Structure formats: C-alpha cells, structure tokens
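Enquirer: Can you keep this structure in mind? I'll have questions shortly.
What follows draws every value from the coordinates through simple rules; no lab data is involved. Here the structure is a predicted model, which means the values were calculated and not measured. Backbone-built Cβ (ideal geometry, glycine too); neighbour counts: all protein chains shown.
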Amino acid sequence: MTKTCTKCKNEIPDLNLTEEARLKLYGLIYQDLKLFAVKQLMDEQKIAHREAKIIVDHLNKKYGKCGRCDYSDLDKENIECPKCGAFNYNMKEPIFNQDFCSLLEFSLPFDQLEDESLRGFWCDGIDPIPSDIENLALEKLKQNRAIRTRAWTGVSGQEIYEMTILFGEQSIYRFEQGLSLEDCIYSENADDWIKVDRNNKRIEIKLK
C-alpha cells in the first residue's frame with residue numbers, strides 16, 4: 001500500500017532490507033552521514049537517487065523520536081508523527097546501543113585489576129556503532145560471538161582504544177530475545193572479564 005508523508009507530500013518507498021543492510025543504514029544515520037546513507041541505498045540496494053533521498057530524509061535518528069519535531073513517543077515502525085504529521089521509518093535500534101554502552105562504560109572497574117599500572121584508568125565513552133556493525137545481525141553474532149568498537153579511556157579518559165566485546169551464552173540468548181544486555185555485565189573478578197593491552201591500545205570485554 002502506498003504511503004504519503006503528510007508533512008512533505010512525498011510518496012514513501014517501502015524499505016525492504018536484510019538485517020545487515022538495516023544495521024549499516026542505522027549506523028550511518030546515527031552518525032549523521034546522510035550522503036553516505038543515500039549512496040549505500042543507491043549502490044547496494046539499487047534504489048534510484050530520488051527515492052533513496054526520500055528514504056534518508058524520513059529515517060529518524062533515535063527510535064521513538066520524530067525526525068522533524070520534538071515528539072518522542074513514536075511506538076512502532078513506519079508511523080506518522082501525531083504532532084507534525086511527518087512520516088518516520090522509526091527503525092528499531094539494536095540491543096547493543098547507546099544506553100548499554102553508557103552502562104558498560106560506568107561498569108568497568110579498572111582499579112580492581114591486578115595490573116597496578118592500570119590504577120587511575122577510567123572510561124569516558126564507548127562507541128555504540130561497531131566498526132563491524134554487520135556482526136550485530138543475529139546469525140552473524142551467533143557465529144562470531146564478538147564485535148569490535150572503540151572506547152575512550154586511559155588515565156585521561158581520552159585515549160582511543162580498540163575494544164572487542166565477546167558475547168557469552170546469556171548475552172547471545174538475551175540478544176536473540178530482544179532483551180537488555182544489562183544483566184550480562186560481570187560485577188566481580190575483574191581480571192576474568194577485562195583484558196587491557198596498553199602497548200597496542202586494546203581492551204577485551206567478556207559478557208556473560
């Protein structure tokens with residue numbers, strides 16, 4: 001069924017993407033890389049430029065929040081904003097997202113590690129957009145059980161480290177069920193789930 005945006009009067013193309021393609025598009029929109037998002041739709045999905053631009057113009061950055069006004073209670077995908085009338089694709093974000101990354105950031109007990117050189121380390125952010133974002137597709141995640149992103153950490157909290165996050169049975173199950181990963185963060189025995197390589201600026205984190 002043809003949909004029309006009440007706000008701009010454009011017909012809205014259907015968005016039938018694979019999970020991996022949706023994740024890549026989500027990552028570009030989250031980072032405000034709209035030109036790259038248009039190019040991805042044209043090159044990989046063979047969508048004409050005009051239709052690709054209309055799609056990108058109606059992809060809201062944050063699930064639930066209208067891309068045209070301050071309304072923040074959109075509760076399903078492919079929905080018209082009840083406040084301004086704009087159409088929003090309103091794609092659901094992955095379970096690995098900013099909320100989880102903020103929680104993980106504050107849960108890293110560097111001072112509890114045996115390596116005394118890590119005393120004073122702290123984390124000032126974890127990028128919610130993995131460098132291999134396609135690995136957040138469920139079947140790939142179940143196969144690889146890991147994603148790579150970056151973290152701002154160190155004594156200053158501003159050194160950029162490559163962060164590898166390993167998924168265990170519980171985190172894979174909760175991801176599959178669409179449940180929060182909050183309970184998958186360990187709270188004891190820091191050396192068992194946090195590995196820091198200062199020389200190569202790498203951190204490995206294990207989830208339950």
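Enquirer: Going by the conditions given, is residue 102 polar (S, T, N, Q), surrounded by fewer than 19 Cβ atoms within 10 Å (Cβ to Cβ) and in a helix (DSSP H, G or I)?
Expert: yes
Enquirer: Next question. Within the range 1-92, which helices (runs of 4 or more DSSP H) (wholly inside it) include 2 or more residues that are without any contact (Cβ under 8 Å) to a residue 12 or more places away in the chain and not polar (S, T, N, Q)?
Expert: 34-45, 49-57
Enquirer: All but one of (1) part of a loop (DSSP other than H, G, I, E, B); (2) among the hydroxyl-bearing types (Ser, Thr, Tyr); (3) surrounded by 15 or more Cβ atoms within 10 Å (Cβ to Cβ) hold for residue 180, so report the exception by its number.
Expert: (3)
Enquirer: Among what's in the range 183-196 and is in contact (Cβ under 8 Å) with a residue 12 or more places away in the chain and assigned to a loop (DSSP other than H, G, I, E, B), pick the residue that is nearest to residue 119 (Cα to Cα).
Expert: Top of the filtered list is 187.
Enquirer: While we're here: Would you pick out the residues in the range 140-171 that are under 16 Å from residue 205 (Cβ atoms), touching a residue at least 12 places away in the same chain (Cβ under 8 Å) and of a type in the set (S, T, N, Q)?
Expert: Selection gives 149, 153, 164, 170, 171.
Enquirer: Quick check on the range 111-127: of everything there that is surrounded by fewer than 19 Cβ atoms within 10 Å (Cβ to Cβ) and either without any contact (Cβ under 8 Å) to a residue 12 or more places away in the chain or within 19 Å of residue 182 (Cβ to Cβ) (or both), which residue is nearest to the chain's Cα centre (by Cα)?
Expert: 127
Enquirer: Additional query: Evaluate the range 149-160: report whether one residue or more is within 16 Å of the chain's Cα centre (by Cα) and surrounded by fewer than 17 Cβ atoms within 10 Å (Cβ to Cβ).
Expert: Within the range 149-160, none of the residues are within 16 Å of the chain's Cα centre (by Cα) and surrounded by fewer than 17 Cβ atoms within 10 Å (Cβ to Cβ).
Enquirer: Next question. Which members of the range 65-99 meet the condition of being among the small types (Gly, Ala, Ser) and in contact with a strand residue (DSSP E or B) (Cβ under 9 Å, 6 or more places away or on another chain)?
Expert: Of everything in the range 65-99, those that are among the small types (Gly, Ala, Ser) and in contact with a strand residue (DSSP E or B) (Cβ under 9 Å, 6 or more places away or on another chain) turn out to be 67, 86.
Enquirer: Of the residues 176, 204, which is free of Cβ contacts under 8 Å to residues at least 60 places away in the same chain and over 25 Å from residue 21 (Cβ atoms)?
Expert: 204
Enquirer: A further question on this structure: I'm told residue 199 meets every condition in (1) over 22 Å from the mean Cα position of the chain (by Cα); (2) assigned to a helix (DSSP H, G or I); (3) polar (S, T, N, Q) except one. Can you identify the failing condition by its number?
Expert: Among (1) over 22 Å from the mean Cα position of the chain (by Cα); (2) assigned to a helix (DSSP H, G or I); (3) polar (S, T, N, Q), residue 199 violates only (2).
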